[in-house]
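Novice: I'd like to ask some things about the structure below.
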Amino acid sequence: MDHVDWGIISSYGGLLSLASISVLAGAFGSLPSTGQPTSKPRNLLEPEDEEEENISEVLSSADAWIFPIVGSVALFGTYLLVQYFGKEWLNRLLGWYLSFVGAGCVWRCLVCLARLVTGRDRWRRFDRTRVFVLKGPLELFSMSLRTPTLVLLPVSLIPSLLYVSSETNRKSIILTNILALALAHNALSILRLDSFQTGCVLLSGLFLYDVYWVFGTKVMVEVATSLDVPIKILWPKSLSFTTDKGSTMLGLGDIVIPGMFVALALRYDYSRSKKTESFTKPYFFVTLTSYTLGLVTTMTVMHTFGRAQPALLYLSPACILAFLVTAFFRGEFRDAWAWSDNPEQRQGDQKADTSQQVKRGQDEKDSLKTAHESGRSKSKKSSRGRKDA
C-alpha cells in the first residue's frame with residue numbers, strides 16, 4: 001500500500017463529500033414552502049403571509065434545448081478572452097462580480113440555516129422589519145427581514161471581503177469553496193426543471209456538450225485551469241490541506257446540472273406524498289445515490305488514466321437511468337413522465353379539476369331534480385287515476 005497516494009485519495013473524498021452534501025441541501029431547499037408564491041400585486045389590507053416566499057425560475061424543454069448552445073458560446077467566448085487578452089484582468093473582474101453575488105448567496109444560506117436551527121415557530125416570534133413600495137393600495141415590491149436576518153448581513157460579507165482583498169494568484173481554497181457552494185445552493189434552490197422530460201433533454205444535451213469540449217478540444221480544460229474564481233470547488237492533494245502538490249477541482253456545472261434533476265426527483269416524491277399521506281423518497285434516494293456513484297466513477301477513471309474527464313459523461317446517464325429504472329419497476333413511469341412541476345400548469349390543472357367537479361356536482365343535482373319531478377308527476381297521475389276509479 002506504499003504506492004497509494006493518500007493525499008490524492010483524500011482530495012477525491014473531499015470533493016465527493018462537498019458535492020453530495022451540496023446537492024442534498026439544494027434539493028431540500030427547492031421544496032415548496034407552505035405559502036403559495038404569486039407574481040400579482042397584493043392588497044395591503046388583506047392578511048399577509050409569512051415572509052418566506054418561493055422565488056424560482058422554471059426551466060422548460062425549450063430552455064433545455066438551447067442550454068448547450070448558450071453554454072458553448074459562453075465557454076468559447078471566455079476562452080478567446082483568455083487567449084487574446086490574458087487571464088489576470090478577467091480573473092479580477094469575475095472575482096469582484098462573483099464576490100458581490102456570493103455575498104448575497106452566503107447571506108441567504110445563513111438565514112436558511114438559522115431558520116432551520118431556531119425552528120419555524122420560534123423564528124416567527126422575532127421582530128420583523130418590512131420595506132415595501134406601493135402604488136396606490138397595491139404592493140409592487142416588498143422585503144421582509146427579521147432580526148436574525150439583519151444581524152447575519154455583515155457576517156455574510158466577510159468571505160467576499162477577504163476573497164477580493166487577497167492576492168489575485170493566491171486565493172484561499174476555503175474562501176473559494178464557501179462562495180462556490182453558496183452559489184451552487186442558491187442555484188439549486190431557485191432553478192427548477194418543470195418535468196422529467198425537460199431534465200432528460202437537459203442532461204442529454206449537456207452530456208454531448210461536456211464530451212465535445214473536454215475530449216474534442218482543449219477549451220474546457222484551459223478555461224477551468226485559467227480562471228481562479230469561485231465557479232468550482234477545490235480540495236488540496238494533501239492530507240495536511242496544503243496546496244504544494246496542487247488541488248483537484250470540480251466545476252459548479254457538475255453539481256448544479258445533475259443536482260437540479262435530483263431536486264426534481266425529491267419534489268416529485270413530495271407531490272406523491274399528498275396522495276399517499278406519507279413522504280417517502282424513493283426517487284430522490286435513487287437519483288442521489290446514482291449521482292454519488294457517477295462522481296466516484298469519474299474520479300476513478302480520471303485517476304486511472306491521468307486525464308481530465310467530462311463528469312457529465314458519467315453523471316447524466318447515471319441520473320437518467322436511475323429515474324427510468326425506478327419508475328418502471330414501481331409501475332409509475334407513465335405518471336412520472338407526464339408529471340409537471342410548473343406552478344402555472346398545476347394551478348390550471350387544479351382549476352380544471354375543480355370545474356369538472358363542479359360540473360359533475362351540477363349534473364348530479366340536475367339528475368336528482370329531474371328524478372324528483374318525475375316521481376312527483378307519477379304520483380299525481382296515480383292519485384288522479386284513483387279518483388276517477
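Novice: When the stretch 161-203 is examined, which residues are found to be of a type in the set (Phe, Trp, Tyr) and in contact with a Pro (Cβ under 8 Å, 6 or more places away or on another chain)?
Specialist: The one that is of a type in the set (Phe, Trp, Tyr) and in contact with a Pro (Cβ under 8 Å, 6 or more places away or on another chain): TYR163.
Novice: Looking at the stretch 162-172, can you tell me whether even one residue there is at pLDDT 90 or above, assigned to a helix (DSSP H, G or I), of a type outside the set (Phe, Trp, Tyr) and open to solvent by less than 30 Å² (accessible area, probe 1.4 Å)?
Specialist: No; the residues of the stretch 162-172 include none that is at pLDDT 90 or above, assigned to a helix (DSSP H, G or I), of a type outside the set (Phe, Trp, Tyr) and open to solvent by less than 30 Å² (accessible area, probe 1.4 Å).
Novice: Of LEU324, LEU288, LEU295, which residue is in contact with an Asp or Glu (Cβ under 9 Å, 6 or more places away or on another chain) and either modelled with pLDDT of 60 or more or surrounded by fewer than 12 Cβ atoms within 10 Å (Cβ to Cβ) (or both)?
Specialist: Checking each option against the conditions leaves just LEU295.
Novice: Go through the stretch 257-272 and give me each residue that's among the small types (Gly, Ala, Ser) and either under 15 Å from ALA184 (Cα atoms) or open to solvent by 20 Å² or more (accessible area, probe 1.4 Å) (or both).
Specialist: Once the filter is applied, which keeps residues that are among the small types (Gly, Ala, Ser) and either under 15 Å from ALA184 (Cα atoms) or open to solvent by 20 Å² or more (accessible area, probe 1.4 Å) (or both), the stretch 257-272 yields GLY259, ALA263, SER271.
Novice: On to the next question. List the pairs whose first member sits in the stretch 209-230 and is within 21 Å of ILE66 (Cα to Cα), whose second member is at pLDDT 90 or above and charged (D, E, K, R), and whose Cβ atoms are under 8 Å apart, counting only residues at least 6 apart or on separate chains?
Specialist: MET220/ASP210
Novice: Which residues, counting only those in the stretch 327-346, are of a type in the set (S, T, N, Q) and either at pLDDT below 90 or open to solvent by 40 Å² or more (accessible area, probe 1.4 Å) (or both)?
Specialist: ASN342, GLN345
Novice: Turning to a different aspect of this structure: What are the pairs with Cβ atoms under 8 angstrom where one residue, in the stretch 235-250, is in contact (Cβ under 8 Å) with a residue 12 or more places away in the chain and the other, located anywhere, is acidic (Asp, Glu) and part of a loop (DSSP other than H, G, I, E, B)? Sequence gap at least six, or different chains.
Specialist: Listed pairs, sorted by first residue: LYS237/ASP5; SER238/ASP244.
Novice: While we're here: Of all residues in the stretch 31-83 being of a type in the set (D, E, K, R) and at pLDDT 70 or above, which is surrounded by the fewest Cβ atoms within 10 Å (Cβ to Cβ)?
Specialist: The residue in question is GLU57.
Novice: If you don't mind, another one. For the stretch 218-256, which positions are in a strand (DSSP E or B), open to solvent by 50 Å² or more (accessible area, probe 1.4 Å) and out of contact with any helix residue (DSSP H, G or I) (no Cβ under 6 Å at 6 or more places or on another chain)?
Specialist: MET249
Novice: So, one more: Kindly indicate whether THR300 is at pLDDT 95 or above, closer than 27 Å to TRP213 by Cα, open to solvent by 70 Å² or more (accessible area, probe 1.4 Å) and not acidic (Asp, Glu).
Specialist: The answer is no for THR300.
The values are calculated or read from the model by the stated rules, or taken from the named source; none is laboratory data. Computed from a predicted model, the values in this text were never measured in an experiment. Using ideal geometry, Cβ is built from the backbone for each residue, glycine included, and neighbour counts are taken over all protein chains shown. Accessible surface is based on the protein model in full, side chains and every heavy atom, while ligands, DNA and RNA are left aside. Shrake-Rupley method; radii C 1.70, N 1.55, O 1.52, S 1.80 Å.
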